[in-house]
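Have a look at the structure below, then the notes.
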Amino acid sequence: MSEHGAESGGVSPAVTWGLLAAFAVHDLEELATMPTWAAAQVDRLRESYPKVPERVWSAMSVTPGHAATAIGLMGLVVGAASADGARTGGRSPFFQTVLAGFGLHAVSHVAQSSALRRYTPGVVTAPLVVAPFSLWAWRELRRGGVLREVDTRSVVSGAMMFPLGILGVHAAAFRVRRLARRTAPGRPDAPRRAGRSRPKRTGA
C-alpha cells in the first residue's frame, strides 16, 4: 500500500485525525483568549451605549467555563467527523463537510480581525494552522481519489452550516451556564435537596 492509501482509494489517518488535531491547536488559542477579549468588547459597548440594561451586558459575557463548554461541544462534532473520516478512508461526506467548513472558518477569522482592526480570538492559528492543514488535507483527498465519490458542490454548501454550528454550541453553553446558576447551592431558586428537613414551627 502506498503512503496515500492508493490500494484502498483512501487517505492516511494523518488527514482524517489531523482535522481533530488542528482543531485542538486552533481552539486552545480561542480558549486562552476568548474570555478576556469578550470582556473588553462588552466594556467598549457598555461605554458606547450606557442606556442598555446591565443584564444585557451580563448575558453577553463569556466566562472561561462557557468558552470551555462551547469548544468541548464543537470538539465532539469534529471528533465524530474525524472518526467517520478514518473509518471510510476520507470518503465520508460528513468528514469532508466539516473539513471544508473548518477551512472556511479561517477566512472568517482573518476577515473579522481585519474589519475590527484588532486581534480577535483564533486569528493567529487561523492562517498558521487551520488554512495550511485544510488546503493540504483537501489536496490529499483529491490525490486519494475520494473526492470523486462526493458532489464537491454539496460539500461546500454543507460547509456553510459550520458558522451555524458555532452559534449552536455557544447557545448550548449559555443554557448550561444558566442551568448551573439556577441549581447552584445557596441560590433562592435552587431546588431543595432530598432529605433536608424543614425548620419546625415554634408554638406561641
Fill in: Unique match (being among the acidic types (Asp, Glu), surrounded by fewer than 17 Cβ atoms within 10 Å (Cβ to Cβ) and modelled with pLDDT of 85 or more) among Glu47, Glu54
Glu47
Discussion item. Every residue in segment 87-97 that is modelled with pLDDT of 90 or more, open to solvent by less than 70 Å² (accessible area, probe 1.4 Å) and outside any loop (DSSP other than H, G, I, E, B), please.
Written reply: Thr88, Phe95, Gln96
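Limited to segment 2-40, what total is found for residues that are polar (S, T, N, Q), open to solvent by 20 Å² or more (accessible area, probe 1.4 Å) and at pLDDT 85 or above?
Residues meeting the conditions: 3.
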Worksheet item: Of all residues in segment 112-138, which are modelled with pLDDT of 90 or more, exposed (fewer than 13 other Cβ atoms within 10 Å of the Cβ) and part of a helix (DSSP H, G or I)?
Response: Ser114, Ala115, Leu135
Worksheet entry | Qualifying positions in segment 62-86 - in a loop (DSSP other than H, G, I, E, B) and crowded, with 18+ Cβ neighbours inside 10 Å | Val62
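Residues that are charged (D, E, K, R), in contact with a helix residue (DSSP H, G or I) (Cβ under 6 Å, 6 or more places away or on another chain) and within 16 Å of Gly18 (Cβ to Cβ): does segment 77-85 have at least one?
Yes, the conditions are met somewhere in segment 77-85.
The values are calculated or read from the model by the stated rules, or taken from the named source; none is laboratory data. This one's a predicted model, so the numbers in the text were calculated from it and none came from an experiment. Counting neighbours? That spans all protein chains shown, and the Cβs are built from the backbone with ideal geometry, glycine included. Heads up: the accessible areas ignore ligands, DNA and RNA and are worked out on the full protein's heavy atoms, side chains in. Shrake-Rupley method; radii C 1.70, N 1.55, O 1.52, S 1.80 Å.
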